[in-house]
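Please read the structure below before turning to the comments.
The values are calculated or read from the model by the stated rules, or taken from the named source; none is laboratory data. Computed from a predicted structure; not experimentally measured. A quick note on method: Cβ atoms are made from the backbone with ideal geometry, for glycine too, and the neighbour counts reach across all protein chains shown. Side chains included, ligands, DNA and RNA excluded: accessible areas come from the protein's heavy atoms. Shrake-Rupley method; radii C 1.70, N 1.55, O 1.52, S 1.80 Å.
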Amino acid sequence: MKRLIQYLPAALVVLAPVFGSAQQVEKIDTAMVSKIKDEGLNHSKVMDILSMLTDVHGPRLTNSPGYKKAANYAKSSLELWGVQNVHLDTWEEDFGRGWQLKKFSLQNLSPVYFPVIAYPKAWSPGIKGTVEAEVVYLDIKKEEDINKYKGKLKGKIVLFSLPTLVKPGFKPDATRLNDSTLLQMANADISESFGGRRFQAPTEPQRLAYLKWDLCQKEGAIAVIEASPATRLEDGTLTVSAATVPYPAETPFSKRVSAYKADVPKILPQVVVAAEHYNRMIRQIEKGQTVKLELTLETEFTPSAPGFNVIGEIPGTDLKDEVVMFGAHLDSWHSGTGTTDNAAGSAVMLEAMRILKALGVTPRRTIRIGLWGGEEQGLLGSRSYVKRTYGERLDKSFPYDSIQLKPGAEKFSVYLNMDNGTGRFRGVYLQGNENVRPIFRSWLKPFNKMGASTLTLQNTGGTDHLSFDAIGLPGFQFIQDPIEYSSRTHHTSMDLYDKAIEADLKQNATMIAAFAWLAANRDSLIPRK
């Protein structure tokens, strides 16, 4: 039976006895926390797990062969450790096609040879055989410029974007949070917004971009090449995501089809090139040189199918119907091996499960792991799981007054997530939930000397804890040192195993295991907003 819950002050008073008081004195099982720390810090397997997810099974594009192999590896590992009810949790809706790159190379043959730093976009179609073709630069800044290229693109490779400004990198790639930044976070007020995507009138650049794509398609171009954005990265690092499916800017998002869908309109092969190499080709053309490229692009699509997550649990004892959950997204983009985004999080969660099973714990509440698919396409895996298991918010425009919860939500305690790179945990984003501050403050004490002591009311967005938080369930993400995440590894070709920091991942897995154990054994559920 579904129930419509309205989160109003009166309702919160009624629910308070159910979910417990945040002011109760927290009981810390220091002996168990010490055992968890010893196992997690001195007998860790987290880097072995990470290497399997990345070096062996990465990248893990949703529904790709790599993703399926990684999911099966996670499943078999959990079963080997003695985790129960391990299964592949299929979404209720079809995701779309899988995709993998079979063979790729891009060479500049003239006016001078050089191998081009490049990577195809995900779900890009391939090209039969190896082709040599002249390059045309679309120097289009206004709609009237399009006419200059009609009849000139057939059989050509097109440089689609304008030159990219590359600036010297004066800021360090890798950083850790300093004390002043952490203090500012601790003192911050809640800043949270709700609501669905609002309609925005099409901009002129959007209209022009569609006209350019339409021109390339109709004129018979072989492939489209774009520059990797240098607003965040340079030095040959590529930011690569999904292939572009051109639509007129006025087309509603509900009417658009993503590149991974089986019914996607025909699109051109698409490749992203390092900004420095892209700019070099443009300068060659502007100097009157004929640029010729050799392109090999072989891709493989797998049939359209539902997506799936990996779920497993350690059953509880006297409170086994109540659930403590932790997780991370297993899928990744494809130009690297998805190490910091987010094999690091998945490896930490698997290691946390291994730690608990190695210690032979018998928690009061059930401790459950979720490794999510489709996060990169919009939190699809975790949203589906939450909708099927706990409920949904019927009207995305309002935070609480249209939440329809299922009976399982009454037995849900907390969800803990990791998805901000390899950096060590420094504290917790409270998601505006002041009621959990004293609880997490107590739980952080055993880790204060490891640099984890900050609590902020702020929210960090864009990842799977939001699927739980959206329907009022306690869902949290940890504050992490940024390391190279935003500057070098997030969605890039350099998101590789070597970018992971072993000591940080050991600490994170240990903290997840400890938090899960403490949540599973406290007298009451974690309080809600």
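For the reader, a short list of remarks on this structure follows.
- Whole-number D in µm²/s for region 264-389 (Stokes-Einstein; Kirkwood sum over Cα pairs; 10 °C, 1.306 mPa s): 85 µm²/s
- Debye-sum result for region 276-329 in log10 I(q)/I(0), which assumes one identical scatterer on each alpha carbon, at q = 0.18, 0.28 Å⁻¹: -0.83, -1.15
- Charge dipole of the chain about the Cα centre (unit charges at C-beta), most positive-ward option of S413, S241, M511: S241
- Bins of 5 Å from zero: percent of alpha-carbon pairs in region 201-242: 5, 17, 17, 19, 22, 15, 4, 0
- If only the Cβ of Lys and Arg carry +1 and only the Cβ of Asp and Glu carry -1, the dipole of region 264-394 around its Cα centre is close to 180 debye.
- The structure-derived value of Rg and Dmax of the Cα atoms in Å appears in the list (1) 22.7, 69; (2) 24.8, 78; (3) 26.4, 83 under the label (2).
- Available extension along the chain between R283 and T302 is 2.9 nm, counting 0.36 nm per residue and deducting the alpha carbon span.
- Those trypsin sites (Lys or Arg not before Pro) in region 272-332 that DSSP places in a loop and that have at most 15 other beta carbons within 10 Å: K287
- When each of K255/K387; K121/K266; K266/K396; K156/K255; K37/K171; K75/K449 is checked by Cα-Cα distance, pairs over 26 Å: K266/K396; K156/K255; K37/K171; K75/K449
- Inter-site label distance for L88 and D321 at 7 Å from Cα along Cβ, in nm: 3.2 nm
- Heavy-atom accessible area ranking, 1.4 Å probe, most first, across V273, V166: V166, V273
- The length gained on full extension between I190 and K396, counted as 0.36 nm times the residue separation minus their Cα-Cα distance, comes to 72.2 nm.
- Per residue accessible area in Å² of the chain, where ligands, DNA and RNA are left out and the probe is 1.4 Å: 42 Å²
- Net charge in the neighbourhood of S402 (other residues with Cβ under 12 Å of its Cβ; Lys, Arg +1, Asp, Glu -1) is -1.
- Nearest-10 value in Å² for the accessible area of T366, using the 1.4 Å probe: 10 Å²
- The angle between the Cα long axis of helix 344-358 and the longest principal axis of the Cα atoms of the chain comes to about 30 degrees, rounded to the nearest 10.
- Packing-based ranking of 109-116, 214-221 yields 214-221, 109-116, ordered from highest to lowest mean Cβ neighbour count within 10 Å.
- Computed with every protein chain present, the accessible area of H43 is close to 90 Å² [probe 1.4 Å].
- With contributions of -39500 (n - 2.57) from each DSSP H run of at least four residues, the per-residue ellipticity at 222 nm computed over the chain stands at -8000 deg cm²/dmol.
- The modelled label-to-label distance for the pair K128/K167, using points 7 Å beyond Cα in the direction of Cβ, is 4.7 nm.
- Compared with the direct C-alpha span, the chain from L109 to N42 gains 18.8 nm at full extension, assuming 0.36 nm per residue.
- All alpha carbon pair distances within region 381-529 were sorted into 10 Å bins beginning at 0; the resulting P(r) in whole percents reads 11, 37, 34, 17, 2.
- Those lysines that a straight Cα-Cα span of less than 19 Å connects to K150, excepting residues fewer than 8 apart in one chain: K141, K142, K212, K218
- Cα-Cα pairs of region 45-178 separated by more than 21 Å (percent): 68 percent
- Accessible surface of the chain, 1.4 Å probe, proportion on carbon and sulfur as whole %: 52 percent
- Remark on region 342-451: hydrodynamic radius 16.6 angstrom, per the Kirkwood mean of 1/r across alpha carbon pairs.
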